Amino acid sequence: MKTVTLIGKPGCHLCDVARDVIVRVCDEVGAAWEEKDINQDQELYRAYWEQIPVVLVDGHQHDFWRVDPERLRRALTE
């Protein structure tokens with residue numbers, strides 16, 4: 001089973017939209033997902049602060065700013 005990680009921060013509208021897409025797609029395909037707050041991890045902050053929300057699939061960057069549900073679905077089912 002693949003795992004999706006959403007890297008974002010509280011109060012981020014794009015993060016809220018990305019979370020909705022991730023939850024819907026992960027529920028459809030049976031994938032796990034987790035969320036990490038960029039403000040709580042200096043390494044994530046240095047790597048991604050200009051790109052949030054960032055979506056990782058099994059630890060590899062998949063998308064940033066906007067999440068395409070079809071593209072995410074394909075990545076999780078291939």
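Each reported figure results from applying straightforward, stated rules to the coordinates on display, with no laboratory input. The shown structure was predicted, so the numbers you read here are calculated from the model rather than taken from an experiment. Neighbour counts run over all protein chains shown; Cβ positions are idealised from the backbone, glycine included.
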Next on the checklist: Being among the β-branched types (Val, Ile, Thr) and touching a Ser or Thr at 6+ places or on another chain (Cβ under 7 Å) narrows it down to one residue among 29, 67, 23, 54; which is it?
Outcome noted: 29
Next on the checklist: Can you confirm whether residue 6 is surrounded by 12 or more Cβ atoms within 10 Å (Cβ to Cβ), of a type in the set (A, V, I, L, M) and outside any helix (DSSP H, G or I)?
Outcome noted: yes
Checklist entry - What number of residues within the stretch 9-24 are in contact with a strand residue (DSSP E or B) (Cβ under 9 Å, 6 or more places away or on another chain), part of a helix (DSSP H, G or I) and farther than 15 Å from residue 56 by Cα? => result 2
Next on the checklist: Every residue in the stretch 69-78 that is farther than 16 Å from residue 14 by Cβ and either surrounded by 17 or more Cβ atoms within 10 Å (Cβ to Cβ) or acidic (Asp, Glu) (or both), please.
Outcome noted: 70, 73, 75, 76, 78
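Sort through 21, 29 and tell me the only one that's among the β-branched types (Val, Ile, Thr) and more than 12 Å from the chain's Cα centre (by Cα). Outline the logic, then answer.
Working: 21 fails: more than 12 Å from the chain's Cα centre (by Cα).
Answer to the check: 29.
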Next on the checklist: Cβ-Cβ under 8 Å, sequence separation 6+ or interchain: first residue in the stretch 46-68 and more than 16 Å from residue 19 (Cα to Cα) and in contact (Cβ under 8 Å) with a residue 12 or more places away in the chain, partner among the basic types (Lys, Arg) and surrounded by 14 or more Cβ atoms within 10 Å (Cβ to Cβ). Which pairs?
Outcome noted: 58/2
